[in-house]
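The values are calculated or read from the model by the stated rules, or taken from the named source; none is laboratory data. It should be emphasised that the depicted structure is a prediction, and the values quoted were computed from it without experimental measurement. Here the Cβ is made from the backbone with ideal geometry for all residues, glycine too, and neighbour counts use every protein chain on show. Accessible surface areas use protein heavy atoms only, side chains included; no ligands, DNA or RNA. Shrake-Rupley method; radii C 1.70, N 1.55, O 1.52, S 1.80 Å.
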Amino acid sequence: MKKLLILGAFITSSSAFATHSHSLQFNSDECQVKFKNDVMITPEQLHITTAQQRKWTINDSGDVLKDGERVSLTPTQQDAMRNYADSLRVQLPKVANIALEGVKIARVALDEVSNALQLNSLDSIGSVLDELHLEINETFYQDGAFVMGKQTFDQFGNNFDQQFEERIESALQGAMMESIGSILVAIGSEMTNSNGDMSSFEQRMETMGQAIEEKVEMQARVIEKQANQLCGQFEDIAQKEQQLSQNIPEFAGYSVFNTQ
């Protein structure tokens, strides 16, 4: 797992999300959705921008502008556009919420392991996770607007390659090396206190590991379920976009999603 959902590496090996070549896809056997254009959501407007910098704007009143020029629509078409915009407003921010929740779960699991084994060496990984949480926030929430789409994920992918990927690997390697010493000290102390009988220590470690694993897996399953549901919502929106393009020819080319 890379880019936006690197957090999946900390949580679960089977996420409904994956990123490839700096573009986000929602990938599973049942779901194939890919971002095509970019979206900016403000309280008053929703803007869809193409790679050619052409813009489709939907006002909260239902009025529609194409490259700054008002598009004449029937009341039925206006209602369809307003409902479409409402769907994007509700569903798109859930991607950021799921990613942020994943980082949060990874941080909780890390803290529990660190506290249980008294390992300060994991602090460096925690710091990187905190910075990743901030990076996700700043990627999606800019100047009072929510932004998402192909360009957004290209930007995040580039930033991740340059700032986070190597740092996460380095922090993991450093933590492992430092933790070995602390663990050996704990084992030695346990052997001294128990006259060489390690069964009690092994049982405590096994119980602790199982408890953390069960807790994280349970939360990860919740996130995976949310991701699968969101994927289905995006597929529904993609179908509505096709219908809108047929009923409103001016909308052709401004769809947010591509379906595979």
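Brief remarks follow.
- Extreme residue, nearest to Val95 (Cα to Cα), among residues of segment 126-152 that are hydroxyl-bearing (Ser, Thr, Tyr) and at pLDDT below 85: Thr152
- For Val33, the requirement of being in a strand (DSSP E or B), modelled with pLDDT under 90 and crowded, with 21+ Cβ neighbours inside 10 Å is met.
- Scope segment 201-260; condition part of a loop (DSSP other than H, G, I, E, B) and touching a Gly at 6+ places or on another chain (Cβ under 9 Å); matching residues: Val256
- The residue that is farthest from Gln91 (Cα to Cα), among those in segment 199-222 that are in contact with a helix residue (DSSP H, G or I) (Cβ under 6 Å, 6 or more places away or on another chain) and open to solvent by less than 50 Å² (accessible area, probe 1.4 Å), is Phe201.
- Taking residues in segment 86-104 that are within 13 Å of Ile41 (Cβ to Cβ) and charged (D, E, K, R), and partners anywhere that are assigned to a helix (DSSP H, G or I) and open to solvent by less than 70 Å² (accessible area, probe 1.4 Å), the pairs with Cβ atoms closer than 6 Å and at least 6 places apart or on different chains are Lys94/Leu230.
- Pair list, Cβ < 7 Å and 6+ apart or interchain, from segment 242-258 residues that are within 20 Å of Gln32 (Cα to Cα) to residues that are open to solvent by 70 Å² or more (accessible area, probe 1.4 Å) and not hydroxyl-bearing (Ser, Thr, Tyr): Ser255/Lys36; Val256/Lys36; Phe257/Lys36; Asn258/Lys36
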